[in-house]
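The numbers here are math on the coordinates, done by the rules we state, and not lab data. Computed from a predicted model, the values in this text were never measured in an experiment. Cβ placement follows ideal geometry from the backbone for every residue including glycine, while neighbour counts extend to all protein chains displayed.
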Amino acid sequence: MNEEQALQKQPTQQMTAALEQTAALSPGNVWSDKAAFNQALRVADMLSKSSLVPQNYQGKPQDCFIAVDMAARMNTSPIFIMQNLYVVKGKPSWAGQACKAMIDNCGKFKNVKHVYTGKIGTDDRGCYITAVRISDGEVVNGTEVTMAMAKAEGWLSNTKWKNMPEQMLGYRAATFFARMHCPEALMGLQTREEVEDTEPRQATAADLTAALKGE
Amino acid sequence: MTEKEYRQHPAISRSELWAMNKSPEYFKYRREHPIEPTPAMLFGQVAHKLLLQPEDFETDFILAPDIDRRTKAGKEAWNEFLDAAADRTVVPADMYETALAMSEKAMSEPLVRKLLAGQKEQPFFWTDADTGEDCKIRTDCLTEIGDNLIIVDYKTCNDASTDVFMREAVKFGYEFQSAMYSEGVERNTGRKPLFVFIAQEKTEPYAVNILQADEAFVLRGYDRYREFLGIYHYCRTTGDWYGYMGKEKILNTLTLPSWMKGDNE
């Protein structure tokens, strides 16, 4: 192996080492155990130098540290956290699709499924999550989200509800289920869609230009 | 509501509140001693009027005639003119020509015409929920485009390029203005407006730039609006219009600006 290849290989090895080290961190103790803190710091520092982590984490060991800590608490990989945690309106928020994964991974439920109801394209169209609780085998249903609810709550000002309602119903159903049956899985954070729906994104200069030009 | 009635309304305006950026002492002085309009300020007023409400120009302004005031006849003619002008503001002819050329140039831009198609010079009043202070604003233009309610504000400037205008905007408190105006419109209409500046250079070719205030811009302005209104409330209720040394009258530290600090380290 020449020098160049060796250099290229380095980040991958570092990443593997980082993930192994993260798995060894036990929840909570990075804030109280000096050795665990230092180790997480090294992992975060290394991750921040990788070009494989999402761009908004590159060069930001502080943000990577938070992701490492959250990953340890949630028994998942920091990469999952980084790929699914966004800052929306100044608030850290989960990607909608991550919510279902978090319900799957929290260890309390099995057979987690989306159930769609009503006729597609009408206000009656809805979605809820159904799952089997592992502890007692009971079937547990989340609150149903419908288009009528989205309208009444004013979420439709977020254009995604107009353009891809089925997807948005699915994301919201997962969030509702998690809020009700495993709130700890979301670690107190909102999902991106919740933040955007309640505080709609402001039209940008590009949006406004299009509106002015009547496009 | 006429311009005069608006100005005499006791609620606090944006330009008054902006004086808090210096100190409450300065704010109080300015309130008691309003600035006599400078030629630059008059030019701004004339340019606004010609762009926004040219049909009303003669209600507030009158064009100075070409009279040689060094002769006796000229002096008499000038005095007659001033009597006829009454409380209208006299505008020098060259100033008028420039402002007119600017408005023609601005209106030749289709996006400007669309932005200025709304309601002109509309006053809004509200009582701030936190402090109970009465506030007022008057928007240059309020326009509906698609789903958006847009506050349009016209600024004349020396350089309308985006980078330079950004720096000037922070210096003159346009972020504070965008926030206070957005607050006023939202309180009155229940809708969150967007804020757009039409910036135009005062020299040929009277170049125009249209800039939309982004969320970070308005948010920073909102912090300043809350801060100034809070200080105003404190001063008004306590009667303490403090200066640069603050309420507690403490000495300030003189240090180096942050960009120089690294030099000795």
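If every alpha-carbon in the stretch B:114-265 counts as one equal scatterer, what log10 I(q)/I(0) does Debye give at q = 0.10, 0.17, 0.19 1/Å? Each listed q corresponds, in turn, to -0.48, -1.05, -1.17. Bridgeable lysines around B:LYS171 (alpha carbons under 18 Å apart, same-chain partners fewer than 8 residues away excluded): B:LYS22, B:LYS155. If one puts a single equal scatterer on every Cα of the stretch B:209-265 and applies the Debye formula without solvent, what log₁₀ I(q)/I(0) results at q = 0.12, 0.16, 0.17, 0.20 Å⁻¹? Each listed q corresponds, in turn, to -0.59, -0.84, -0.86, -0.90.
Counting only DSSP beta bridges with both residues in the protein assembly as shown, tell me the antiparallel percent, nearest 5. Taking every DSSP beta bridge with both residues in the protein assembly as shown, the antiparallel ones total about 70 percent. Computed over the stretch B:147-196, the convex hull of the alpha-carbon atoms projects to a mean area of 3.8 nm². Restricting the GluC sites (Glu not before Pro) of the stretch B:144-181 to loop positions (DSSP other than H, G, I, E, B) with no more than 13 neighbouring Cβ atoms within 10 Å leaves nothing. By the helix-only formula, in which each DSSP H run with n ≥ 4 contributes -39500 (n - 2.57) and the sum is divided by residues, chain B has a 222 nm mean residue ellipticity of -14000 deg cm²/dmol. Spin-label model, A:LYS162 to B:ASP159: label points 7 Å out along the Cα-to-beta-carbon direction sit 4.0 nm apart.
Loop-located trypsin sites (Lys or Arg not before Pro) in the stretch A:56-157 (DSSP state other than H, G, I, E, B) with a sparse environment of at most 12 neighbouring Cβ atoms within 10 Å: A:LYS119.
The stretch B:191-265 and the stretch B:20-58 have Cα centres separated by 19 Å. In terms of overall dimensions, the stretch B:1-78 has a Cα radius of gyration and Dmax of 17.3, 50 angstrom. Computed from the Kirkwood radius of its Cα pairs, the Stokes-Einstein diffusion coefficient for the stretch B:37-108 at 25 °C and 0.890 mPa s stands at 188 µm²/s.
The modelled label-to-label distance for the pair A:LEU189/A:VAL87, using points 7 Å beyond Cα in the direction of Cβ, is 1.2 nm. Distance from the C-alpha centroid of the stretch A:29-84 to that of the stretch A:108-158: 33 Å, rounded to the whole angstrom. Rg/Rh for the stretch B:49-188 stands at 1.07; both radii use Cα atoms, and Rh follows the Kirkwood definition.
Using only alpha-carbon positions in the stretch A:72-128, the gyration tensor eigenvalues give semi-axes of 27, 18, 7 Å once each is multiplied by 5 and square-rooted (largest first).
The value obtained for the protein assembly as shown, namely the Cα convex hull volume divided by the number of residues, is 278 Å³ per residue. With the convex hull of its Cα atoms as the shape, the stretch A:96-197 has an orientation-averaged projected area of 6.0 nm².
Which of rounded, prolate, oblate describes chain B, given a ≥ b ≥ c as roots of the alpha-carbon gyration tensor eigenvalues and a/c under 1.5 marking rounded, otherwise prolate only if a/b is larger than b/c? Cα axes put chain B in the prolate bin. For the stretch B:156-170, the Karplus equation 6.51 cos²θ - 1.76 cosθ + 1.60, evaluated at θ = phi - 60°, returns couplings of 8, 7, 8, 9, 9, 4, 4, 5, 5, 4, 4, 5, 5, 4, 6 Hz by residue, with Gly and Pro reported as x. B:GLU144 sits among other residues whose Cβ lies under 11 Å from its own Cβ, and their net charge, with Lys and Arg +1 and Asp and Glu -1, is +1. Among beta bridges identified by DSSP and lying wholly in chain B, the antiparallel ones come to about 60 percent.
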